[in-house]
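The values are calculated or read from the model by the stated rules, or taken from the named source; none is laboratory data. Please read these numbers as outputs of a predicted model, since none were measured by experiment. Using ideal geometry, Cβ is built from the backbone for each residue, glycine included, and neighbour counts are taken over all protein chains shown.
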Amino acid sequence: MSQTDPQPPPASRRKEIKHIFNHYASGERSLHATGLLQFLQREQSESEANAAIAENLIDKYEIDETERQNRTMTFHGFLRYMESRDCCVLNQQHTRVYQDMGHPLCHYFISSSHNTYLTSDQLVGKSHLFAYKSKKSKRNAGKCITAVVALTQAAHSALRRGCRCLEIDCWDGPDMEPIVYHGYTLTSKILFKDVITTIEEHAFEVSPYPVILSLENHCHTTQQQVMAHYLTSILGDKLLNTSLDLTSTTELPSPQKRKVKVAVELSDLVFYTKSVKFVSFSHSGESQQFYENTSHAEKKATSPEFILHNTRFISRIYPAGSRTLSSNYNPQEFWNVGSQLVALNFQSLGLPMDLNNGRFQDNGGCGYILKPHFLRTHETTFDPSSLPPNLKPVQVLMKVISGSNLPISKTGKAPDPYVRVEIHGVASDCRRMESDIVKRNSLNPKWDASMSFPIAVPELALIRFTVRDQSIRSGNTFVGQYTLPFSSMKKGYRWVPLMSREGQDLDPASLFIFVWHS
């Protein structure tokens, strides 16, 4: 929600928040700092809160000078606080890089795209530079018409969404210029050198951590040499050019080596992520080198044997070839077995990309998420399909209280909204619950829906909130959603921002919830 709105909604519209205010104000017109501190400690689980923190919140959100001097807060000041980032369901400490970035690369989930150059399907879709970036650079100003079309289709670019592994299909082109497109299809073609130029310009705008280029190379030797020339001349010192010392190390370096890494055999340009064919787990255990990675089709990559494999090696998962419309699989299944590069079609909207966006908004949106310890250790016995019978799950209690400023349809009619809360994680944790439907209310619908979820493996769980419209005229249509890792979800009274299907912020649309867990 906006923190700068000078005119908060009247108390009559936010009775649920006024009730909280009245309780901690003990019937007085204003809330004293001591009452605010009690609220922070009892309801918000802010264990480190003290009198100074409470007074700082009053200074930050109360606009009445007399109230501030008295160390008190009016309801409107309290409402500003409750609708601020300080009360967001997402832990704001997780909007910055906070995880240990010194582990080897195979210890991270890495945001990865498939057919990055496409803006729609993989049969006749358009290839465009705007699938790699979202800002229109000056050098492409003359391509404005096609750029606008491509940008609309792509919705958000991969790089600007924190993607750290880009797939580029490379083919021989005319006049010794390698081209990028989905081979043997009617997808349009773009120059390889333009793709690399775009990557050079935008690779590190959002994240400082390495970008892996997964080059699907179909070029003959002469044009491979051209590709190598463009990589070195365009990327310059951004390209990793230091090979591993195999005499002194037996594991991959950490993401703190902040360069572009090339994952294809183009002579000496391959250093850390050389692609090899997967034969079997036993063959990998005996013969695969730690700097070699393998690619796996989605239908062959959910075996529990992958967990031990992925503690040592990087594996890349890609969508089945039968997904001609560039639909996506559920990435959660492959995170559950520790696969690092779970590649999705970023241009395709829906649940899989919502989960991907939710997973990678953690750790500052840098595109690297440290895997749980049980997916990193070589001694792991974790099996997502067979959990120990004595495992005690976390019990999550949630109350979906109300909504605020929900978007209305193009017809201008208020929706009949309801809320669905989903848990995505290991199979036994996956479940969903729904609120009742509120008739024709977008301004401030109230549900007061209590829900309870046991979560056995919270380290892998994602929480997804979805608002849908169940009106007769619309059927059952999507209104907004928000997804975040369970580990990033704050306790207490929190507001949940809503995002459009395209991933755009629908501010000031939000949900108001209460969360507690053991």
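Can you pull out every residue in the range 170-189 that is at pLDDT below 90 and touching a Leu at 6+ places or on another chain (Cβ under 8 Å)?
VAL180, HIS182, THR185, LEU186, THR187, listed by residue number.
Just for the range 236-254: of the residues that are out of contact with any Lys or Arg (no Cβ under 9 Å at 6 or more places or on another chain) and of a type in the set (A, V, I, L, M), which one is nearest to HIS107 (Cα to Cα)?
Restricting to residues being out of contact with any Lys or Arg (no Cβ under 9 Å at 6 or more places or on another chain) and of a type in the set (A, V, I, L, M), the top hit is LEU252.
Can you list the helices (runs of 4 or more DSSP H) found entirely within the range 34-85 that contain at least 2 residues being under 21 Å from LYS15 (Cβ atoms)?
Because the criterion is at least 2 residues that are under 21 Å from LYS15 (Cβ atoms), the helices (runs of 4 or more DSSP H) in the range 34-85 that meet it are 75-82.
Being closer than 23 Å to SER404 by Cβ, without any contact (Cβ under 8 Å) to a residue 60 or more places away in the chain and assigned to a strand (DSSP E or B) is the filter here; which residues of the range 437-455 pass it?
Across the range 437-455, the qualifying residues are TRP447, ASP448, ALA449, SER450, MET451.
Mind checking which residues of the range 54-86 are hydrophobic (A, V, I, L, M, F, W, C) and in contact with a Lys or Arg (Cβ under 7 Å, 6 or more places away or on another chain)?
Taking the range 54-86 first, the residues hydrophobic (A, V, I, L, M, F, W, C) are 54, 57-58, 63, 73, 75, 78-79, 82.
Within the range 54-86, ILE58, PHE75, LEU79 qualify.
Just checking, which of PHE204, PHE192 is more than 26 Å from SER254 (Cα to Cα), under 29 Å from the mean Cα position of the chain (by Cα) and either surrounded by fewer than 17 Cβ atoms within 10 Å (Cβ to Cβ) or at pLDDT 90 or above (or both)?
After applying the criteria, what remains is PHE192.
Can you give me the number of residues within the range 363-395 that are under 25 Å from the mean Cα position of the chain (by Cα) and not acidic (Asp, Glu)? Steps first, answer last, please.
As a first pass, look at the range 363-395 and keep what is under 25 Å from the mean Cα position of the chain (by Cα): 363-377, 382-385, 393-395.
With the extra rule that they be not acidic (Asp, Glu), the set shrinks to 363-377, 382, 384-385, 393-395.
Final tally of qualifying residues: 21.
For the range 251-294: of the residues being free of Cβ contacts under 8 Å to residues at least 24 places away in the same chain and among the aliphatic types (A, V, I, L, M), which is surrounded by the fewest Cβ atoms within 10 Å (Cβ to Cβ)?
My answer is VAL279.
Starting from residues that are outside any strand (DSSP E or B) and among the aliphatic types (A, V, I, L, M), keep the ones in the range 191-218 and report whichever is farthest from LEU269 (Cα to Cα).
VAL206
Looking at VAL262, VAL279, which one is in the same structural domain as GLN340 (by TED's automatic domain parsing), assigned to a loop (DSSP other than H, G, I, E, B), hydrophobic (A, V, I, L, M, F, W, C) and in contact with a helix residue (DSSP H, G or I) (Cβ under 9 Å, 6 or more places away or on another chain)?
VAL279 is the lone residue from the list that is in the same structural domain as GLN340 (by TED's automatic domain parsing), assigned to a loop (DSSP other than H, G, I, E, B), hydrophobic (A, V, I, L, M, F, W, C) and in contact with a helix residue (DSSP H, G or I) (Cβ under 9 Å, 6 or more places away or on another chain).
Out of all the residues in the range 337-353, which are among the polar types (S, T, N, Q) and surrounded by 24 or more Cβ atoms within 10 Å (Cβ to Cβ)?
Hits for the range 337-353 are SER339, GLN340, ASN345, GLN347.
Taking the conditions exactly as written (buried (at least 24 other Cβ atoms within 10 Å of the Cβ), in contact with an Asp or Glu (Cβ under 7 Å, 6 or more places away or on another chain) and not polar (S, T, N, Q)), does ILE317 satisfy them or not?
yes
Tally time: how many residues in the range 386-407 are of a type in the set (Val, Ile, Thr), touching a helix residue (DSSP H, G or I) at 6+ places or on another chain (Cβ under 6 Å) and under 16 Å from ILE513 (Cβ atoms)?
Qualifying residue count for the region: 1.
Can we say TYR291 is in the same structural domain as THR242 (by TED's automatic domain parsing) and over 24 Å from the mean Cα position of the chain (by Cα)? If you could, list the steps in order and put the result at the bottom.
Numbers: in the same structural domain as THR242 (by TED's automatic domain parsing): yes; over 24 Å from the mean Cα position of the chain (by Cα): yes.
Spelling it out, TYR291 is indeed in the same structural domain as THR242 (by TED's automatic domain parsing) and over 24 Å from the mean Cα position of the chain (by Cα).
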